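A quick write-up on the structure given underneath.
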Amino acid sequence: MAPELVVLLLVMGVVAIPGAGSHSYRHFYTGVSDPGPDLPAFAAVSYVDNQQILHYDSETRREEPRGDWVQGAVDPDFWDAETRSLQGWQQGFGVNLGTLQQRYNQTGGSHMLQLMYGCELGRDNSIRGHAQFAYDGEDYISYDPSTHTWVAVAPQAQITQRRWNADTAGLQQARAYLEETCIEWLQKYLQHGKAALQSKPPVAQVSDRSSRDGLATLSCRIHGFYPKEVAVVWLKSGEPQPQETSLSGVVPSGDGTYQTWATIEIDPSSNHTYTCSVEHASLGADLRVAWDK
């Protein structure tokens, strides 16, 4: 995936993660007015939890699976139907980018329209659908699942809000997808992708190195876990030290799992004990690894 597209997905909240024990199915569409070599005019990606399963862009003009198991989860005619649908979205994004530039009184430059929508299935089988558009990285309009209507966030979206909320059939279609169809697809993918999507518990390793002024830096490497979301904190004599704990970002390991690091600076001559504590959805209780002086 192009690095620019990764940045756009971060802006749209692909890192906004569901709670422990829940699952999500989310789509991210991005259209730009000034495409480049690594940034197609339109791209669409779909995720189950934090694993990408589908991809389309304006260069290939074809919906493609990400993972062999995805191919077996759908009917053969799925790809042609989805490709036609996304080609329609691509055309619509191009038109809407022009409309938005007029509403914002913009005559040129590079502009971006994004859509994020999908659903979450909670641990208690609760269902939550969501959809939101953004323009140039700022929220534009979003779907309110409690009222089943669209709510303008930007003043320029008032026209869109009135038009979409007057479309009763469109509102019913949005609700049906977010609360029913999306969940059905999520359950289908979870069933077919058990091996690829199943949780993998983290492994934690603690090390130390001399630091400045006689201090020491303790490092905790956490790796081999899936899904991506994880909470790590250093404990000082059993007490969490969130302010003193320095965290790196969670990054892919290259094998479908993730890794991260947590460090803390200490006085090695003190009598305190230090323990790396890890919370992850795959664990029944926190994983704790103590520093051995």
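Read the figures in this text as sums done on the coordinates, not as results from a lab. In this text, all values refer to a predicted model and were calculated from it rather than measured experimentally. When we count neighbours, we look across all protein chains shown, and the Cβ atoms used for this are built from the backbone with ideal geometry, even at glycine.
Data overview
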{"quantity": "Under 29 Å from the Cα of Lys228 - lysines, other chains or at least 8 residues apart", "calculated": "Lys188, Lys194, Lys200, Lys236"}
{"quantity": "Net charge, Gly238 excluded, C-beta distance under 14 Å - Lys, Arg +1, Asp, Glu -1", "calculated": "0"}
{"quantity": "Magnitude of the charge dipole, region 3-197, Cβ model with Lys/Arg +1 and Asp/Glu -1, debye to 20", "calculated": "360 debye"}
{"quantity": "Tensor-based shape of the chain (alpha-carbon gyration tensor, a/c under 1.5 rounded, otherwise prolate or oblate)", "calculated": "prolate"}
{"quantity": "Inter-part distance where region 197-211 and region 91-161 are each reduced to a Cα centre, Å", "calculated": "39 Å"}
{"quantity": "Förster radius 30 Å - calculated FRET efficiency between Gln106 and Asn165 (Cβ-Cβ, nearest 0.05)", "calculated": "0.70"}
{"quantity": "Other-chain or far-sequence residues with amide H under 5 Å of Ala41's (modelled H)", "calculated": "Ser58"}
